[in-house]
Amino acid sequence: MRLIKYAVGSSIGRKQVVALTGLLLVGFLASHLSGNLLILFGPEAFDSYAEFLAAHPLLIPAEIGLAAVFITHIVWGLWVSFQNRAARPDRYEVNENEGGRTPGSATMKYTGVMTLIYLLIHIYTMKIQHVAGTSLWNHAVNWFEIAPYTLFYLFAMVGLGLHLSHGLKSAAQTFGINHPRYTPVIEIVGFVLAVGFGVGFGILPIWSLTVGSQL
Amino acid sequence: MNLTLRVWRQKDASSEGQFETYEAQDISPDQSFLEMLDAVNEDLIVAGKAPIAFDHDCREGICGTCSLVIDGRAHGPDSGKTTCSLHMRRFSDGDNIVIEPFRAKAFPVVRDLVTDRSSFDRIIQSGGYISVKTGSAVEANAMPVPKENSDLAMDAAACIGCGACVAACPNASAMLFIGAKVSQMALLPQGQPEREQRVLKMVDTHDAEGFGNCTNEYECMKACPKEIDVANIARLNREYLKATITTRD
Ligand code: FES
């Protein structure tokens, strides 16, 4: 009973669900980014990796698990933010920051929704639209040649970086980790990872348009 | 100094409110913010109008009764200060000042700038106490407390329950308040017997009262007149997770 109440009916429990799924998604992003960086090594390296994944027997179970984590993170995250909106039905006339907010923390729900929109487009372009057996590398590089797509992509990656800049340290606090020795380290690691993911994914279209399209 | 105030006026909980503009004239920089409001109210009474209702009691920063959001900041522009300890020298002649009540679903407006903060009392009633007879003071060494814990508990106990954390929180969450109240007892031996039930009940009541969920923006800590640290919220999160796992209900 308590566990159901915890995960569904309590403010701290719901936040910990968001934090846990968020951390799992960071783990997924790390493996996804390291795979994607193979794009920089040319079509053969990337396509053989993509084919290896596509043929892997655990791909479907992994995708189902990943989808469950994503959906939980999104649903619980939106739920928390709708509740938070309802907790202050009358807004302030003047909104002045007290000095605690950061660009990442203040934009969390917007960067989250933006990442979701990007995710849907990404699944459509790179998974549904890609014809099995053809080069995924070519497919990806061709998409990057479409300027509005690439601009949106870069915009979304800045959003992802902002989201992570708050998400990682916030997850630590949500699980009760706040200590003069560890918190500064967590903040630095969180910031470096956020920039790393933003730049890591952001480099792909830039490389594709400059070096990749010449290959 | 002369100032222009835009003040939230609302007849009662069920009426619609609106901002009214008042001129505060000949205000001394040595007056406190509440004394400035007193002066405006005297003029209003002389003019046959209803004075502005606002909460206050000790006027020396210890009771947690005063409130107000002044130019968008809970307890005004200074950190570590209640509204009653804010002085007019912090403002300049000719300033426009917007004065609003604390805004949260769990703090409904009673009249003008007065809000009903009894949701905090109900949170305390649900678990923020110790059910033991204290009797006379025990022998000092009978109950050892590490110095660090007593310092941390003392810092948490500085909370005066004013609700500025809720007012400043973008989500109207009271996590800093409960964090402080749970911490001060979780850190000391007297708080141990009810430690698990206390955190579960206080968080349940917090949620039922309609406060929001903390998203770690730390606006509360910056607004808090007693500078309560968000490490108390981390402790609350830990205590809650632990109690959820170990409770037998
Ligand atoms: S009136 Fe008591 S703290 Fe301000």
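The values are calculated or read from the model by the stated rules, or taken from the named source; none is laboratory data. Keep in mind that what you see is a predicted model, and the values were worked out from it rather than measured. Here the Cβ is made from the backbone with ideal geometry for all residues, glycine too, and neighbour counts use every protein chain on show. Accessible surface is based on the protein model in full, side chains and every heavy atom, while ligands, DNA and RNA are left aside. Shrake-Rupley method; radii C 1.70, N 1.55, O 1.52, S 1.80 Å.
Could you pull out the longest piece of chain B with no exposed loop GluC sites (Glu not before Pro) in it, calling a site exposed if DSSP puts it outside H, G, I, E, B and it has at most 14 other Cβ atoms within 10 Å? The reported range is B:140-226. In terms of overall dimensions, the C-alpha atoms belonging to chain B reach 62, 38, 34 Å along their principal axes, ordered largest to smallest. Rolling a 1.4 Å probe over the protein heavy atoms of the protein assembly as shown, with every protein chain left in place, gives an accessible area that is 62 percent carbon and sulfur. Where q = 0.09, 0.12 Å⁻¹, what log10 of I(q)/I(0) comes from the Debye formula for the protein assembly as shown, counting one point per Cα? Here the Debye-derived log intensity ratios amount to -0.72, -1.05. Restricting attention to the protein assembly as shown, close to 80% of DSSP beta bridges with both partner residues there are antiparallel. Within the shell defined by Cβ-Cβ distances under 11 Å, the residues around B:Phe102 carry a net charge of -1, with Lys and Arg each +1 and Asp and Glu each -1.
Structural size metrics of chain A, computed from C-alpha coordinates, are Rg and Dmax of 19.3, 60 Å. Taking all Cα pairs closer than 8 Å and separated by 6 or more residues, the relative contact order of chain B comes to 20 percent. Here the 3J(HN,Hα) profile of the range B:15-27, calculated from phi with Karplus coefficients 6.51, -1.76 and 1.60 at θ = phi - 60°, is 8, 6, x, 7, 7, 10, 9, 10, 9, 9, 10, 6, 8 Hz, Gly and Pro shown as x. Report summary: the helix-based calculation at 222 nm, which adds -39500 (n - 2.57) for every DSSP H run with n ≥ 4 and divides by the residues of chain B, gives -10500 deg cm²/dmol. If one takes the longest principal axis of the Cα atoms in chain B, at what angle in degrees, from 0 to 90 and to the nearest 10, does the Cα axis of helix B:147-157 lie? The helix B:147-157 is inclined about 40 degrees to chain B.
Between the Cα long axis of helix B:175-186 and the first principal axis of chain B there is an angle of about 40°, rounded to the nearest 10.
Taking every DSSP helix (H) stretch of at least 4 residues in chain A, weighting each as -39,500 (n - 2.57) and dividing the sum by the residue count yields a mean residue ellipticity at 222 nm of -25000 deg cm²/dmol.
Kindly express, to the nearest 10 degrees and within the range 0 to 90, the angle between helix B:231-246's C-alpha long axis and the longest C-alpha principal axis of chain B. Between the helix axis and the principal axis of chain B, the angle is about 40 degrees. With both labels modelled 7 Å from their Cα along Cα-to-Cβ, the A:Leu116 to A:His56 distance reads 2.7 nm.
Of all complete DSSP H helices in chain A, those with a Cα span along the helix axis of 30 Å or greater and a mean Kyte-Doolittle hydropathy of 1.6 or more are A:183-210. Scanning residues 5 or more positions from B:Ala24 or on other chains, those with amide H under 5 Å from its amide H are B:Leu3, B:Thr4, B:Leu5, with H placed 1.01 Å from N in the peptide plane.
Loop by DSSP (not H, G, I, E, B), at most 10 other beta-carbon atoms within 10 Å: where is the longest site-free stretch of chain B for trypsin sites (Lys or Arg not before Pro)? Answer - B:1-132.
All other residues with a Cβ under 15 Å from the Cβ of A:Leu59 taken together, and with Lys, Arg as +1 and Asp, Glu as -1, what is their net charge? Summing Lys and Arg as +1 and Asp and Glu as -1 gives -1. Given a 10 angstrom Cα cut-off, can you work out which residue in A:Gly27, A:Gly196, A:Gly77 is the most mobile in a GNM of chain A? Judging by the Gaussian network model, the answer is A:Gly27.
Based on Cα contacts under 8 Å between residues 6+ apart, the range A:2-214 shows a relative contact order of 29 percent.
Pairs exceeding 20 Å between alpha-carbon atoms, taken from B:Lys201/B:Lys242; B:Lys181/B:Lys201; A:Lys127/A:Lys169; A:Lys15/B:Lys81: A:Lys127/A:Lys169; A:Lys15/B:Lys81. Interface area, chains A and B: about 3800 Å² of buried accessible surface, summed, with a 1.4 Å probe and ligands, DNA and RNA left out. So in the range B:3-111, what percent of DSSP beta bridges are antiparallel if you round to the nearest 5? The antiparallel fraction comes to roughly 75 percent.
Distances between placed amide hydrogens fall under 5 Å for B:Phe19 paired with B:Arg9, all partners being 5 or more residues away or on another chain.
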